[in-house]
Amino acid sequence: MQLDAKIPGGPLTEKWDRHRFELKLVNPANKKKFNIIVVGTGLAGSSASASLAELGYNVKTFCIQDSPRRAHSIAAQGGINASKNYPNDGDSIWRLFYDTIKGGDFRSREANTYRLAQVSDNIIDQCVAQGVPFARDYGGLLANRSFGGAQVSRTFYARGQTGQQLLLGAYSSLSRQIGAGKIEMFPRREMMDIVLINGQARGIIVRNLINGDFESYAADAVILATGGYGNAFFLSTNATSCNVGAAFRAYKKGALFANPCFTQIHPTCIPLSGEYQSKLTLMSESLRNDGRVWVPKNSGDERDPNDIPESERDYFLEKKYPSFGNLVPRDVASRNSKEICDAGRGVGPTGYAVYLDFKKAIDRDGVDTIRNKYGNLFDMYENIIDDNPYKTPMMIYPASHYTMGGLWVDYNLMSTIPGLFVLGEANFSDHGANRLGASALMQGLADGYFVIPYTIGGYLAETPIEEAGIDHPAFKETGEEVMAHIKKLLSIKGKRTVDNFHRELGKIIWNYCGMARNEEGLSKAMNLIRDLRNEFWENVIVPGSDMDFNLSLQKAGRVADYLEFGELLVTDALARKESCGGHFREEYQTEEGEAKRDDENFCYVAAWEYNGPGKAPDLHKEPLSFENVELSQRSYK
Amino acid sequence: MTDKTETINIILRVWRQKGPKNKGHLETIPVNDVSTEMSFLEMLDVVNEGLTLDGKEPIEFDNDCREGICGMCGAVVNGIAHGPEKAMTLCQLHMRKFSDGDTIVVEPWRSRAFKVVKDLIVDRSPLDKIIQAGGFISIAAGGAPDANAIPIPREIAEKAMDAAACIGCGACVAACPNASAMLFVGARISQLVLLPQGKPESAKRALSMLKKMDESGFGNCSNETECEAVCPKEISITNIARFNREFVKASFCSSEE
């Protein structure tokens, strides 16, 4: 298979304009003849659904929750980047593009990343027009703050709830179109598989989570906006229902999966406290603007942190990275915390935590200023840990947060299956090997509001699509497969619960394919995952029936996917014999312990093709060429 | 840092109901050795693991983000929506707020408009339908003016944000003796009417959202203020007053029907 990213010609700054002109248009009167399915209602899915319906397409939108407003984009705290340069501090489209490429450790496509920076300004305009209450200064204009990995203030925010406010903006546009009858909304549906006719994506099979029915829906194109696979780690900052299911079914149907080993471990999360723990709560990265990360200089120092004098504290990020200090990118911050804790210098009951200290900021700005900025986060911390962060430094530790890898897409955001488009975190395209803070919201909305409305038109206008509805045999065939899958899960009646399997899988992936990886560990993980998967299919217990609401059954299906997907994740990590961004192979590091890329041999997108059960997937390489930026060793010193 | 972990024994009295048409009942489940560091939902997870291994059906409850922002979780705990702590969703409630030997009664939201789906899960889709009736600003992607074109006084933007913090969990409805959704609707109306972008549609919005609320089977407001007391995001009832004002203005001073 030859991968064609379909990157338009011409200079980087003109590619998108030129492409928009070259794309064929669908006549306004013809748009209503096309049916489009959108799976997922996070930022990407909601904005795509609304925008496509506004153009006149018939849209059917599906989500797993009881309401489209609850998708996990809602939990993003810190903000959204745009190159507006309102603070006049030297920002530009080019700088946002460059920071994103560099932050991604030169493993993303120039053309996609540049387009992302280009449309970033339109997103802010759009959101303000929708009534998103961004923070403002006293003159009534929009406020900005700086964020990890950037030296300019380009992040727009709505208290610590930016994701919520942006999602509610997109949800309100979606709701307007539902009310107008242009979108049919199907909540509490889980996509079980995608249906192909003549090799094109032509529909989906979903399971109605209330009554267990399998339902078929046909369309001319299918959009997946189903988020990332961070829950492969079991413990993550993701919501409990986040899953790889839809993307993985597409992979099994022929869509290539790109760079699965590019996973992001977020540095500032509340540390683990016990075996029963179901999630790790994120503390926004914005805290690193004012908080200082440190550990005691002497390991085993069990004094109360406030009793440890300055001279006995190690502000390890400030020391090692004087120019970025506590604001180094996420992968760098996480890895440094891990190294310190592995060396026995961590704090807290488990020794796997570092302090995030606000004393200096409180002394400087006053407690009210800090409360205004971070009050909700401090409250959340105090409620979970039962400790007052205004008085005692917070304890934080990294946790699985975001996944840069995803289904391979071309410049039009179409996967290798014609008619199957992939948006937001579910695709791989814009963040390379590491995502900068406040860029996920930007990408989700860029894809949904400003990219897919153009590119899907080009596909629909140019592609012959035969008439086919849900009476086509392909729907019956696929439907029977997924039904058998569900029945099988219920029939095993073993002795070990779904969560128990998921927890163990998470531990394997965290230990061997987490913040630091090596050949020996990854090979071991591969065997452990296989054994666990075999046990799962013999010994899992799924209570209840498939005829009513059954969360255990839903989870069982998702964990079954993760047990296969985990192997793909490890396969990719094994094959990428270099370190870059969030993928840190211990064998490949600089003398100073930083990630050491191998641009000669690994400057490509690794796209994996499914070969059937029990067979190793095939690797296809999309070479990355950098014509506008110079590849350099990332330095945040 | 001292390890604060303790364990307590509790007795759960939890609502079990197979489906919307079945009759429900309270089931008693004693739960031992609950770590006080657990969240309430993690306690339910542990109970469910036990029920599953005993060959019984687990307690179904909605949850998703588990960090208090998605609005998916919620149950009435000891008679209070989202439990005894102020300004908190159920997922953020921790077991350290309970004592050894406590009996804890857990029930789903009760309201004519919210049908029970199973156990603690209810159907809150009527809230979405109210938003679909007018809880938006009519702006299509692509046509927006520069974001700084209209300055908005900070105080107004902050008030809009206070109202916009609503997570749509439905606790206000569950707590209201009239099962009214006025706080939910008032918050949305307030956010949009406070901002200049939302003003052009304010009359139409107030009328159509109220109409949809009435049609959906929610009651009206009689100033009990129970909604504000349980709201995990502390949405103020002044938003209901603002909604009422908008409704009156729309009814008497606009050409909207």
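The values are calculated or read from the model by the stated rules, or taken from the named source; none is laboratory data. Being a predicted model, the structure only gives us computed values, none of them experimental. Every residue, glycine as well, gets a Cβ built from its backbone with ideal geometry; the counts of neighbours run over all protein chains shown.
Would you check if residue B:187 is in contact with a Cys (Cβ under 9 Å, 6 or more places away or on another chain), within 14 Å of another protein chain (Cβ to nearest Cβ) and not in a loop (DSSP other than H, G, I, E, B)?
Yes.
Of the numbered conditions (1) under 30 Å from residue A:306 (Cα atoms); (2) surrounded by 22 or more Cβ atoms within 10 Å (Cβ to Cβ); (3) not charged (D, E, K, R), residue B:74 satisfies every one except a single condition; which is it?
For residue B:74, the failing item is (1).
How many of the residues in segment A:32-55 are more than 7 Å from chain B (Cβ to nearest Cβ), touching a residue at least 60 places away in the same chain (Cβ under 8 Å) and either surrounded by fewer than 24 Cβ atoms within 10 Å (Cβ to Cβ) or assigned to a strand (DSSP E or B) (or both)?
7
What's the number of the only condition in (1) acidic (Asp, Glu); (2) closer than 30 Å to residue A:283 by Cα; (3) out of contact with any strand residue (DSSP E or B) (no Cβ under 9 Å at 6 or more places or on another chain) that residue A:54 fails to meet?
(2)
Tell me whether segment B:105-117 contains one or more residues that are assigned to a strand (DSSP E or B), within 12 Å of another protein chain (Cβ to nearest Cβ) and touching a strand residue (DSSP E or B) at 6+ places or on another chain (Cβ under 7 Å).
Yes, segment B:105-117 contains at least one residue that is assigned to a strand (DSSP E or B), within 12 Å of another protein chain (Cβ to nearest Cβ) and touching a strand residue (DSSP E or B) at 6+ places or on another chain (Cβ under 7 Å).
Out of A:616, A:607, I need the residue that is touching a Leu at 6+ places or on another chain (Cβ under 9 Å) and modelled with pLDDT of 95 or more. Which one?
A:607
Being touching a residue at least 24 places away in the same chain (Cβ under 8 Å), more than 8 Å from chain A (Cβ to nearest Cβ), within 30 Å of residue B:77 (Cα to Cα) and in contact with a strand residue (DSSP E or B) (Cβ under 9 Å, 6 or more places away or on another chain) is the requirement here; does residue B:173 meet it?
Taking the combined requirement at face value, the residue satisfies it.
Within segment B:17-35, take every residue that is crowded, with 18+ Cβ neighbours inside 10 Å and not hydrophobic (A, V, I, L, M, F, W, C) and give me the one that is nearest to residue B:106 (Cα to Cα).
B:17
Find the residue count for segment A:138-165, including only residues that are facing chain B (nearest Cβ under 9 Å) and within 30 Å of residue A:322 (Cβ to Cβ).
2
From the list A:459, A:454, which one is within 14 Å of chain B (Cβ to nearest Cβ), in a helix (DSSP H, G or I) and of a type outside the set (A, V, I, L, M)?
The conditions single out A:454.
Of the conditions (1) within 14 Å of chain B (Cβ to nearest Cβ); (2) buried (at least 16 other Cβ atoms within 10 Å of the Cβ), residue A:321 satisfies every one except a single condition; which number is it?
Among (1) within 14 Å of chain B (Cβ to nearest Cβ); (2) buried (at least 16 other Cβ atoms within 10 Å of the Cβ), the lone unmet condition for residue A:321 is (1).
Find the residue count for segment A:2-16, including only residues that are within 27 Å of the chain's Cα centre (by Cα) and at negative phi.
Here the count works out to 10.
Search segment A:1-29 for residues that are part of a loop (DSSP other than H, G, I, E, B) and pair each with any residue that is of a type in the set (D, E, K, R) and loosely packed, with under 11 Cβ neighbours inside 10 Å when their beta-carbon atoms are under 6 Å apart and the residues are at least 6 apart or on different chains.
A:24/A:462
Among B:204, B:212, B:115, which is closer than 30 Å to residue A:208 by Cα and touching a Gly at 6+ places or on another chain (Cβ under 9 Å)?
Step by step, each of B:204, B:212, B:115 is checked, and only B:212 is closer than 30 Å to residue A:208 by Cα and touching a Gly at 6+ places or on another chain (Cβ under 9 Å).
Mind listing whichever residues of segment A:518-544 are more than 14 Å from chain B (Cβ to nearest Cβ), more than 17 Å from residue A:564 (Cβ to Cβ) and buried (at least 18 other Cβ atoms within 10 Å of the Cβ)?
A:521
Tell me the residue from B:177, B:126, B:151, B:145 that is within 22 Å of the chain's Cα centre (by Cα) and outside any helix (DSSP H, G or I), please.
Going through B:177, B:126, B:151, B:145 in turn, the sole match is B:177.
Return only the number of the condition from (1) in contact with a helix residue (DSSP H, G or I) (Cβ under 7 Å, 6 or more places away or on another chain); (2) farther than 30 Å from residue A:339 by Cβ that residue A:403 does not satisfy.
Looking at each condition in turn, residue A:403 falls short on (2).
What number of residues in segment A:376-398 are within 12 Å of chain B (Cβ to nearest Cβ) and either in contact (Cβ under 8 Å) with a residue 40 or more places away in the chain or farther than 22 Å from residue A:361 by Cβ (or both)?
11
Among the residues of segment B:50-67, how many are closer than 13 Å to residue A:240 by Cα and more than 7 Å from chain A (Cβ to nearest Cβ)?
Here the count works out to 1.
Being among the β-branched types (Val, Ile, Thr) and within 30 Å of residue A:317 (Cα to Cα) is the filter here, so list the residues in segment A:586-627 that pass it.
Matches in segment A:586-627: A:590 only.
Scanning for something more than 30 Å from residue A:600 (Cα to Cα), within 14 Å of chain B (Cβ to nearest Cβ) and surrounded by fewer than 23 Cβ atoms within 10 Å (Cβ to Cβ), does segment A:101-121 turn up at least one residue?
yes
Does residue B:3 qualify as being modelled with pLDDT of 95 or more, loosely packed, with under 15 Cβ neighbours inside 10 Å and not small (Gly, Ala, Ser)?
No: the conditions fail for residue B:3.
Would you mind stating whether residue A:327 is outside the structural domain of residue A:515 (by TED's automatic domain parsing) and at pLDDT below 95?
Against the criterion (outside the structural domain of residue A:515 (by TED's automatic domain parsing) and at pLDDT below 95), residue A:327 qualifies.
Of everything in segment A:484-515, what is surrounded by fewer than 19 Cβ atoms within 10 Å (Cβ to Cβ) and small (Gly, Ala, Ser)? Give them in sequence order.
Across segment A:484-515, the qualifying residues are A:484, A:491, A:494.
Restricting the search to segment A:278-301, which residues are surrounded by 23 or more Cβ atoms within 10 Å (Cβ to Cβ) and part of a helix (DSSP H, G or I)?
Within segment A:278-301, A:285, A:286, A:287, A:288 qualify.
Would you be able to say whether some residue in segment A:243-261 is within 14 Å of chain B (Cβ to nearest Cβ), in a loop (DSSP other than H, G, I, E, B) and buried (at least 24 other Cβ atoms within 10 Å of the Cβ)?
Within segment A:243-261, one or more residues are within 14 Å of chain B (Cβ to nearest Cβ), in a loop (DSSP other than H, G, I, E, B) and buried (at least 24 other Cβ atoms within 10 Å of the Cβ).
Touching a residue at least 40 places away in the same chain (Cβ under 8 Å) and not hydrophobic (A, V, I, L, M, F, W, C), is that true of residue B:115?
yes
Every residue in segment B:129-143 that is at the interface with chain A (Cβ under 7 Å from one of its Cβ atoms) and more than 30 Å from residue B:217 (Cβ to Cβ), please.
Correct list: B:139, B:140, B:141.
Here are A:226, A:237: which of them is within 22 Å of residue A:445 (Cβ to Cβ), more than 14 Å from every other protein chain (Cβ to nearest Cβ), in contact (Cβ under 8 Å) with a residue 12 or more places away in the chain and among the hydroxyl-bearing types (Ser, Thr, Tyr)?
Exactly one of A:226, A:237 is within 22 Å of residue A:445 (Cβ to Cβ), more than 14 Å from every other protein chain (Cβ to nearest Cβ), in contact (Cβ under 8 Å) with a residue 12 or more places away in the chain and among the hydroxyl-bearing types (Ser, Thr, Tyr), namely A:226.
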